[in-house]
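Here's the structure, in structure tokens; my notes come after.
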Number of protein chains: 4
Amino acid sequence: MKLADVQSLRDNRNLPIDKVGVKNLRYPITLLDRTKKRQHTIATVNMYVLLPSDFKGTHMSRFIEVLNENRECIDIRKIGKILKQMREKLNARKSYIEFDFPYFIEKEAPVTKIKSLMSYDCKVEAFGDSHTEELFLNVEVPITSLCPCSKEISSYGAHNQRGVARIRAQLAEFVWIEELVEVAESSASCEIYSLLKRPDEKFVTEKAYNNPMFVEDIARNITLELSKDKRIPHFSVEVENFESIHNHNAYAFINR
Amino acid sequence: MKLADVQSLRDNRNLPIDKVGVKNLRYPITLLDRTKKRQHTIATVNMYVLLPSDFKGTHMSRFIEVLNENRECIDIRKIGKILKQMREKLNARKSYIEFDFPYFIEKEAPVTKIKSLMSYDCKVEAFGDSHTEELFLNVEVPITSLCPCSKEISSYGAHNQRGVARIRAQLAEFVWIEELVEVAESSASCEIYSLLKRPDEKFVTEKAYNNPMFVEDIARNITLELSKDKRIPHFSVEVENFESIHNHNAYAFINR
Amino acid sequence: MKLADVQSLRDNRNLPIDKVGVKNLRYPITLLDRTKKRQHTIATVNMYVLLPSDFKGTHMSRFIEVLNENRECIDIRKIGKILKQMREKLNARKSYIEFDFPYFIEKEAPVTKIKSLMSYDCKVEAFGDSHTEELFLNVEVPITSLCPCSKEISSYGAHNQRGVARIRAQLAEFVWIEELVEVAESSASCEIYSLLKRPDEKFVTEKAYNNPMFVEDIARNITLELSKDKRIPHFSVEVENFESIHNHNAYAFINR
Amino acid sequence: MKLADVQSLRDNRNLPIDKVGVKNLRYPITLLDRTKKRQHTIATVNMYVLLPSDFKGTHMSRFIEVLNENRECIDIRKIGKILKQMREKLNARKSYIEFDFPYFIEKEAPVTKIKSLMSYDCKVEAFGDSHTEELFLNVEVPITSLCPCSKEISSYGAHNQRGVARIRAQLAEFVWIEELVEVAESSASCEIYSLLKRPDEKFVTEKAYNNPMFVEDIARNITLELSKDKRIPHFSVEVENFESIHNHNAYAFINR
């Protein structure tokens, strides 16, 4: 039985569609890991193409077929290959892919050196046509921040809180997720761990007290660090503190 | 034209359904407010009835009709009337209603006395049949907690963070949302405000440092307080700290 | 007692901060309503300013003070006044404000004409300096879509689903939320209601079956309509279907 | 240096705490998989113990240590071992553990037999003391539902939508996640796939049209099926439809 191909019908509205495809598909993927070579994780995937004005629709199932073929080893150095496959299979001039996933890094507690895993929300965004390709790596890094104003004006103590630093880096060359995480963690009042024993807790409490920082400070510190990196032509930094004295957040954003 | 009433068909599977109805309907409602008499808010509403085994389905549109009639003044002292209306209109033996909504209370900053609004996520749950009716009031109160262990072992400073205390109180008599909020706020290291000037920030920083508490302490303090209240025969308390030194939360739960 | 103003200290990193301020503050506001003049709703508010390179930090509490003064009547025609107040109070060259809120419109069922309220997630974004001001109105409109391919290839029936159309419109002149909602609702297979009786349900079922549309079709229909409106110099349209046959979504995006 | 153990201090409020521990910790785990033996996934983990009235607090870091030791092979048949380890390490009479995770099953499209992966949100809950242990397996299964009323009263078409069936099953003996998923999928108007080609889309469209079901029907079908299974002494079933003609959901719940 021959079934009609409605998507391929001619459209007369004379409107190309910038992005058309599948969104919010959860899929297991395997990534490169700086330490362990491979890391299994679960991604939420978006895949789009540019649809020319003369086609009524795209063929959504083909996106899943491309993902199926590539999910076993997502290497951001080879993401251009996936983008090209999408353009060929969908007969499109431009293609986009986005992966959101948690990524785990083993960290040692600062004093006892006990190991545990920290999770970081990451995102890879890439798009390309036959001439160029752009790639963005996003990391979201939980941090501790301690308020310089509160420390200065109070006779003792200082309010501190969990915050998050988000980096979106355009990559001209390969950069490890671990490298961006380290930039964020070293720019805050203190970094965050999954497992701390009492000597570690003493260490992080005192370290944060010795390093008071506003969201503004953390955003600037990260910016200074990333600006030195030739592999990252453009980036933005976002720092958000879940203020312990408010039910809203303090926020700073720098775009470079 | 006469349209078939499929829902009223006889069902032969011999299975009553505990709850059937509409869920996640967003609707503007008006509530009682201890200070200002009336408060406008937006609720997410669930409404269910018990469906006897011999009916194929319920009539979903009738729930919305009952809500429409009552939304202008939701008074928890009269919620039995809404439950009764549901049972009559849906021809059911038992009915359930749940409202989730943000509720705002004007607070004064502790030193400068400047006023601002704090929002609290609240929930009213009620169900009843022709004999009895049960009513639960839930409040979710953001708080500051300061870690007693961190304070004790550190030479200076102490990690602190935003936390949340959740109370679910069964009401035998009327209780104001404001009363439950006050119990939670007075049981933590410090309460939280939307607007604090520098003298206020000094005050809350020092107050939290002087009142170190674990989630366990806050849950116990709230429990002690609520246990004295004759209007609340049963309750549960849940305290969760968004730890500033971890990316997971500390948690305590007491059921009474 | 004189408390140090740490935020006003000189910063030597030579980095201005594009946006700094408060994020995710929930506050009750009052809006203009085309039918009822005023509508009470609850907004999630973000407020930022540009921070010059020579200041260490901004004064977060002042944002709340500006919001407090203006929340009783948010009129997007006067949002420039709020932006100006922010620049003055924060001593800043550029200011940003964002309100996210549910907005309710009373709709009549298509046959029985019974009235009920539909909620739409909306967002107002505005920013400005002493020379210019830009304003964006966003609406998120739930819709019904019925798949043209499924209808064409199947002997009977056609898969359909809830979808959402999102419009982000830059406004050169005033536009009602209601106008954008109507564009989105009239561009889909059928519009959505809170309350439908059986004759209405027959109507919407048949209407959707008679108007099969892909996400691509709906995005193009909305684009055609908005392109005619001189008050809207730029806009983007996003349509997302919560496919009833998949656990991921179909998606189309047009930027104009 | 000896650091004080504040948690072990005596508490005089005479209040045991039902559950105290860590919540919302994201961690990679490995599970049993019926087809492939092992499946890597990412869990959100909660771990609690009962705290006797005479202790001020629990030792949060020990929960993470127990998880670290066991995460490489979570087998629900051996979860009693983890619970016992928690009781020993935390010196507690009762322990609780909860894992929330996406689980992937490879499915064949109904006509073309093309394979793809479907994700299901699952949860394992277990708790125990020295005498007993209880284990609950939860699965959340996306489904297609087609409205019997809409089909009956309309001249053509019928509204249908994505829905979700949630099963919470107490296990007296081992049950595969895959078994509960199959019960839910076979009880709906049609099951859902990640990848469908046109002949498959025709098949699922017509199958759903031939199997109209309310949430009530799906909940009853699942209940009938699970009631036959001796390994499942108690269970609850929840079905929620994301109605394509409303912006709220239809809901049914049965507890057995």
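Looking at C:190, C:130, C:245, which one has the Cα that reaches farthest to the positive end of the dipole of the range C:14-255 (charges on Cβ: Lys, Arg +1; Asp, Glu -1)?
The Cα lying farthest towards the positive end belongs to C:130.
For n ≥ 4 DSSP H runs only, could you compute -39500 (n - 2.57) per run for the protein assembly as shown, divide by its residues and tell me the 222 nm figure to the nearest 500?
-7500 deg cm²/dmol
Using only atoms on other chains, find how many Cβ atoms lie within 10 Å of each Cβ of peptide B:9-19 and report the average.
What the average comes to for B:9-19 is 5.
Cut-off under 23 Å on the C-alpha distance; same-chain residues fewer than 8 positions from residue C:78 excluded. Which lysines are left, in chain and number order?
Excluding near neighbours in sequence, the set is C:19, C:23, C:36, C:37, C:89, C:94, C:123, C:230.
Can you give me the long-range amide H partners of residue B:33? Hydrogens built in the peptide plane at 1.01 Å from N, cutoff under 5 Å, separation of 5 or more residues or another chain.
B:38, B:39
In nm to one decimal, list the spacings between the residue D:38 label point and its equivalents in the other copies, with label points set 7 Å along Cα to Cβ, shortest first.
For residue D:38, the other copies' label points sit at 1.0, 6.5, 6.6 nm, shortest first.
Semi-axes of the protein assembly as shown's equivalent ellipsoid from the Cα gyration tensor, sqrt of 5 times each eigenvalue, largest first, rounded to whole Å?
Semi-axes (√(5λ), whole Å): 42, 35, 32.
With all protein chains present, how much of the accessible area of chain A (probe radius 1.4 Å) comes from carbon and sulfur, to the nearest whole percent?
It is 46 percent, rounded to a whole number.
Using the Cα centre as the reference, give the magnitude of the dipole from point charges on the C-beta atoms of chain A (Lys, Arg: +1; Asp, Glu: -1; all else neutral), rounded to the nearest 20 debye.
In total the dipole reaches around 780 debye.
Rounded to the nearest 10 Å², what accessible area does residue C:155 show when all protein chains are kept and the probe is 1.4 Å?
About 80 Å², rounded to the nearest 10.
Report the paramagnetic label zone for residue B:108: residues of the range B:16-55 whose backbone N is under 17 Å from a point 7 Å from Cα along the Cα-to-Cβ axis.
From the range B:16-55, the list is B:35-36.
Taking the Cα centre of each part, how many Å lie between the range D:120-147 and the range D:219-256?
Here the two parts' Cα centres lie 13 Å apart.
Averaged across the residues of B:57-66, what count of C-beta atoms belonging to other chains lies within 10 Å of each residue's C-beta?
6
Taking 0.36 nm per residue of separation and subtracting the Cα-Cα distance, what length does fully extending residue C:78 through residue C:182 add?
Full-extension gain reported as 35.0 nm.
For the range C:192-256, what's the relative contact order in percent, using C-alpha pairs closer than 8 Å and at least 6 residues apart?
It rounds to 29 percent for the range C:192-256.
What residues qualify as long-range amide H neighbours of residue C:145, i.e. H under 5 Å apart, gap of 5 or more or another chain, H built at 1.01 Å from N?
Residues meeting the criterion, in which the H sits 1.01 Å from N, are C:161, C:163.
What does the structure give for D:110-117 when I average, per residue, the other chain Cβ atoms found within 10 Å of the residue Cβ?
The mean count of partner-chain Cβ atoms within 10 Å per residue comes to 3.
In nm, one decimal, shortest first: how far is the label point of residue B:81 (7 Å from Cα along Cα to beta carbon) from the matching points in the other copies?
The projected label point of residue B:81 is separated from its counterparts by 3.9, 6.2, 7.0 nm.
Based on the alpha carbon coordinates of the range D:118-188, what radius of gyration and maximum Cα-Cα distance (Dmax) apply, in Å?
When restricted to Cα atoms, the range D:118-188 yields Rg and Dmax of 17.1, 63 Å.
Quickly work out the residue A:14-to-residue D:132 label distance, labels modelled 7 Å from Cα along the C-beta direction, and quote it in nm with one decimal.
Each label point is offset 7 Å from its Cα along the Cβ direction, giving 7.5 nm.
When the dipole is taken about the Cα centre of the protein assembly as shown, and only Lys, Arg (+1) and Asp, Glu (-1) are charged at their Cβ, what size is it in debye, to the nearest 20?
0 debye
Per-residue HN-Hα couplings for the range B:78-85, Karplus 6.51 cos²θ - 1.76 cosθ + 1.60 at θ = phi - 60°, whole Hz, x for Gly and Pro?
So the J values, rounded to whole Hz, are 10, 6, x, 5, 5, 4, 5, 4.
Quick one: Karplus J couplings for the range C:119-132, per residue in order, coefficients 6.51, -1.76, 1.60, θ = phi - 60°, nearest Hz, x for Gly and Pro?
These are the phi-based 3J(HN,Hα) values: 9, 10, 6, 10, 8, 10, 10, 9, 8, x, 10, 5, 9, 10 Hz.
How would A:94, D:81 line up by accessible area, probe 1.4 Å, largest first?
If we order A:94, D:81 from most to least accessible, we get D:81, A:94.
Applying a 10 Å radius around every beta-carbon, put D:41-51, B:196-206, C:132-142 in order of their mean neighbour count, most first.
Most protected by this proxy first, the peptides run D:41-51, B:196-206, C:132-142.
With θ set to phi - 60°, apply the Karplus curve 6.51 cos²θ - 1.76 cosθ + 1.60 along the range C:134-149 and write out the HN-Hα couplings as whole Hz, x wherever there is a Gly or Pro.
My calculation for the range C:134-149 gives 10, 9, 10, 10, 10, 10, 10, 10, x, 9, 9, 10, 10, 6, x, 5 Hz in order.
Sorted from largest down, what three extents in whole angstroms do the Cα atoms of the range D:51-119 have along their principal axes?
64, 19, 17
Net charge near residue A:217: determine it from the other residues with C-beta under 10 Å of the C-beta of residue A:217, scoring Lys and Arg +1 and Asp and Glu -1.
It works out to a net charge of +1.
Cβ under 12 Å from residue C:56's Cβ, residue C:56 left aside: what net charge do those residues give with Lys, Arg +1 and Asp, Glu -1?
Spelling it out: positives minus negatives among the neighbours equals -3.
Among D:49, D:150, D:209, whose Cα sits farthest toward the positive end of the charge dipole of chain D (+1 at Cβ of Lys/Arg, -1 at Cβ of Asp/Glu, about the Cα centre)?
The Cα lying farthest towards the positive end belongs to D:49.
Using a simple charge model, +1 on the beta-carbon of Lys and Arg, -1 on the beta-carbon of Asp and Glu, nothing else, what dipole does the range A:93-145 show about its Cα centre, in debye to the nearest 20?
Rounded to the nearest 20 debye, it is 240 debye.
Over the range A:110-171, calculate the relative contact order: mean separation of alpha carbon pairs under 8 Å at least 6 apart, over the residue count, as a percent.
31 percent
Where Lys and Arg each count +1 and Asp and Glu each count -1, what net charge lies around residue A:170 among other residues with Cβ under 14 Å from its Cβ?
0
For the range A:14-255, what's the relative contact order in percent, using C-alpha pairs closer than 8 Å and at least 6 residues apart?
Relative CO of the range A:14-255 lands at 15 percent.
How big, on average over all directions, is the shadow cast by the Cα convex hull of the range B:14-255, in nm²?
Mean orientational projected area (the range B:14-255, Cα hull): 15.4 nm².
The values are calculated or read from the model by the stated rules, or taken from the named source; none is laboratory data. Only a predicted model underlies this, so the values are computations on that prediction, with no experimental measurement involved. Every residue, glycine as well, gets a Cβ built from its backbone with ideal geometry; the counts of neighbours run over all protein chains shown. Please note that ligands, DNA and RNA were not included when accessible areas were found on the heavy atoms of the full protein model with its side chains. Shrake-Rupley method; radii C 1.70, N 1.55, O 1.52, S 1.80 Å.
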